[in-house]
């Protein structure tokens, strides 16, 4: 499935074209982000640092019935990865950092970058692909400026991404 990401505030097309392709094959989830018009600014170099302060492609994914429990995966243009198990009931927010056993690769593109994720079902506890709900995002800081450009597969129409009610069902058609 190939989809475009849109301005998270307005839901309209963005000046930072971004496509997401995703599929489930065998026992693995695959996500590929093509992030165009990026200066590829990475705020940090170590895994699980606050990568969202720079440019990132990210996916939030819930694999069960409880939308207040989901995973957050961010990948910066320099290859640093943020991987957290999130608990977010709308009032309380916490995160744990499980050991990562999935592939995250970054490929440089002309004026942008590609993020490729290969996540085994077991990593996220996928037992039924039909139960997956998710959203995908991109942050483009234009080289580290504080005014971030927020993009989303299903825009939240505000400056936040951690809104599970905007997660969409997994479909591949």
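Of the residues 142, 118, 172, only one is in contact with a strand residue (DSSP E or B) (Cβ under 9 Å, 6 or more places away or on another chain) and at positive phi; which?
Details: 118 fails: at positive phi; 172 fails: at positive phi.
Answer to the check: 142.
Residue by residue through the stretch 1-23, note down the ones that are in contact (Cβ under 8 Å) with a residue 40 or more places away in the chain, surrounded by fewer than 20 Cβ atoms within 10 Å (Cβ to Cβ) and more than 15 Å from the chain's Cα centre (by Cα).
Result: 1, 9, 10, 11, 15.
Only one of 105, 118, 123 is free of Cβ contacts under 8 Å to residues at least 40 places away in the same chain and under 14 Å from the mean Cα position of the chain (by Cα). Can you tell me which? I'd like the intermediate steps shown before the answer.
On the way: 118 fails: free of Cβ contacts under 8 Å to residues at least 40 places away in the same chain; 123 fails: under 14 Å from the mean Cα position of the chain (by Cα).
Unique residue meeting the criteria: 105.
Which condition number does residue 43 fail, the rest of (1) farther than 25 Å from residue 171 by Cα; (2) modelled with pLDDT of 95 or more; (3) surrounded by 15 or more Cβ atoms within 10 Å (Cβ to Cβ) being met?
Failing condition for residue 43: (2).
Every residue in the stretch 141-161 that is within 22 Å of residue 39 (Cβ to Cβ) and either without any contact (Cβ under 8 Å) to a residue 60 or more places away in the chain or in contact with a helix residue (DSSP H, G or I) (Cβ under 9 Å, 6 or more places away or on another chain) (or both), please. Step through it out loud before you land on a result.
Within the stretch 141-161, the first condition is being within 22 Å of residue 39 (Cβ to Cβ), and the residues that meet it are 141-152, 159, 161.
Hits for the stretch 141-161 are 141, 144, 145, 146, 147, 148, 152, 161.
In the stretch 54-76, which residue that is under 19 Å from residue 38 (Cα atoms) and without any contact (Cβ under 8 Å) to a residue 40 or more places away in the chain is surrounded by the most Cβ atoms within 10 Å (Cβ to Cβ)?
Looking at residues that are under 19 Å from residue 38 (Cα atoms) and without any contact (Cβ under 8 Å) to a residue 40 or more places away in the chain, I get 76.
From the list 80, 104, 85, pick out the single residue that is modelled with pLDDT of 95 or more, over 16 Å from residue 135 (Cα atoms) and out of contact with any helix residue (DSSP H, G or I) (no Cβ under 7 Å at 6 or more places or on another chain).
Numbers: 80 fails: out of contact with any helix residue (DSSP H, G or I) (no Cβ under 7 Å at 6 or more places or on another chain); 85 fails: over 16 Å from residue 135 (Cα atoms).
Only one candidate passes the filter, namely 104.
The values are calculated or read from the model by the stated rules, or taken from the named source; none is laboratory data. Since we're looking at a predicted model, the values are computed, not measured. Cβ: placed from backbone, ideal geometry, glycine included. Neighbour counts: every protein chain shown.
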